[in-house]
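The values are calculated or read from the model by the stated rules, or taken from the named source; none is laboratory data. Because the structure is a prediction, the values reported are computed rather than measured. Here Cβ is always computed from backbone atoms with ideal geometry, including for glycine, and neighbour counts include all displayed protein chains.
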């Protein structure tokens, strides 16, 4: 069946313009990152360094810190060797290999201002280099500490979303497009607001354009997220999806972008979360299983591992279009 023709609202555009989705490359990935490849940037971009260091994965971050620490000590070790290992009092190595490690570990003690005293510099040249290295060490460790604190203190929302969008029975003899979410942290999220942008490719006079619609929701806001929240878009007469089938979604490279905003009570700041569902994430004829139970004391127990669990069900007769 054809897609419902509605007047396009430019305010629903996510910032991608009219560019269509091709070869199953969505505009927003499921982890919320933007799927745009950037070219033409200068090689040296100091203005982007902080953002990279704050947003890169923890594994890459620690590997970068260790590599910088090791490289800096190697450089200063060669400087000390160039000055002459005889200018390091207490260096006991006899071979070039042992001299290098004496200089390396002296550098490690100097850059961290530990200074065990086993090896000490002698002469103006060695003392000057050691003084310069200790100053650079203080600055480098201060920078690393600031980055580490920035990564820990950055306000973020840790939201778990269901893996699928479900087309499920809704109210009496109706259908709804729905998914679930919950807070992974123990903090309190208040004043939550969510929106879903439905986008698809449309052939306009032989040219493929991307169309965007903000879907009407059963509830756009909640005051407090204590358990899981099931987001529902009623597939009624006002919905742009009411006449669409699973084949229509696939043919038009349809996607659903989810934008969540909430106030984090722990950080006292507004936090955001994003995710996206593609056409093949939509399950027709299913309903979510309960994700919570009660313990022997009657206390509610929320099982976040069941946030995506669903079971098959029959849709109302008018829904048999797929």
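Annotations
- Of the residues making up region 215-233, those that are outside any loop (DSSP other than H, G, I, E, B) and closer than 20 Å to residue 287 by Cβ are 229, 230, 231, 232, 233.
The rows are residues; the columns are (1) touching a strand residue (DSSP E or B) at 6+ places or on another chain (Cβ under 6 Å); (2) surrounded by fewer than 17 Cβ atoms within 10 Å (Cβ to Cβ); (3) free of Cβ contacts under 8 Å to residues at least 24 places away in the same chain.
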| site | (1), (2), (3) |
| --- | --- |
| 71 | no, yes, yes |
| 85 | no, no, yes |
| 100 | no, no, yes |
| 109 | no, no, yes |
| 119 | yes, no, no |
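- Among the conditions (1) modelled with pLDDT of 90 or more; (2) farther than 23 Å from residue 280 by Cβ, residue 207 misses just one, which is (1).
- Residue in region 163-172 that is exposed (fewer than 15 other Cβ atoms within 10 Å of the Cβ) and in the same structural domain as residue 255 (by TED's automatic domain parsing) present: yes
- Here 180, 185 are screened, and the one residue that is surrounded by fewer than 14 Cβ atoms within 10 Å (Cβ to Cβ), within 30 Å of residue 301 (Cβ to Cβ) and either touching a helix residue (DSSP H, G or I) at 6+ places or on another chain (Cβ under 9 Å) or in the same structural domain as residue 234 (by TED's automatic domain parsing) (or both) is 185.
- When every residue of region 291-301 is checked against the conditions, at least one turns out to be closer than 22 Å to residue 194 by Cα and surrounded by 15 or more Cβ atoms within 10 Å (Cβ to Cβ).
- Residue 308 meets the conditions (1) in contact with a strand residue (DSSP E or B) (Cβ under 7 Å, 6 or more places away or on another chain); (2) within 13 Å of residue 164 (Cα to Cα) in every case but one. The failed one is (1).
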